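This report refers to the structure that appears directly beneath it.
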Amino acid sequence: MRSHLTLLVLTLAAALTMVLLTGGQRCAAATNLYFTQFEPGEGFNPNLDLIGQGGWVGAGSGGNGLVSNFFAGEGQQAFIGFSPPAPGEDLLFVWRPVDFDPLAVGLPLVTFSVLMSIEDSSITNGQYDFFQWSVYNLAGDRLFTLDFDNFTTNVSYLLDGTNDFVATGVTFTPGVSYPLTLTMNFASNRWSAALGASVLATNQPLTTTNAQLTLGDVDATWLLYDPDAPGDNYLLFDNYRITAEPLMSSAIPSAQLRMLGYVAPGWGL
């Protein structure tokens, strides 16, 4: 049975970023673009790499796969990291293509949510790397990145058109699971993010370079701090979901006085 508390926290985090991004605009029911819990019933085998299962693909090399019950009550989880990449390589991307054009179909508000945890390297290894979530468009351009530095435990973000990371002022605790939510408004070229109850970013541009405003995929990334000394730390993730919905023009309807009819001995409202 899925954890009701986990699902509640994910829902609250999604609501928080939606309010930040839309200014309280009411949205219609969401369309599910992709959702997985990485369970055997969905075709995920814990004896195989994640890459190659369920439409997941990758670039680079290094450990990736599935484990069971690392998140209590959540069944199987995916992971990247732990096992070192091939000599001379320093990163691994994994993603599940979505290939979605939000503006073309009138669903410009896209939400990505995931339950995640960064697990520390062992005491005998003592190396700490970077783990990231990056959003790419259909042309393969990176729109923005959230970076989790497992040495400092700082969370930063990186926009396109720059190599400068922006500190969010938020830190994470290794070994603790967090709901992460990204809300992207492709109509207004804006995104916001929350990690649990902490706001990471608000109304940042999806693109600063006039890149195509589409959604190709949301990637999990392992980037080595030192290519010659990879950590055996890793990123766990579960309940990976991407939805899309239209934006409504108003929030709560304004109050109105309506004449209902004559009620003796006067008019009633």
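No lab work stands behind these numbers, since they all come straight from the coordinates. Worth saying up front: this structure is predicted, and the values here are computed from it rather than measured. Cβ sites come from the backbone with ideal geometry, for glycine too, and all protein chains shown count toward neighbours.
Can you sort SER198, SER121 so the residue with the fewest Cβ neighbours within 10 Å comes first?
SER198, SER121
Taking the range 25-161 on its own, what percent of its Cα-Cα pair distances exceed 22 Å?
49
For LEU138 and ALA29 in one chain, what is 0.36 nm times their gap in residues minus the Cα-Cα distance, to one decimal in nm?
36.8 nm
Could you work out how far the C-alpha centroid of the range 164-237 sits from that of the range 126-158, in angstrom?
The two parts, judged by their Cα centres, are 5 Å apart.
Per-residue counts of other Cβ atoms within 10 Å, averaged by peptide: what ranking do you get for 200-206, 103-109, highest first?
The peptides rank, most packed first, as 200-206, 103-109.
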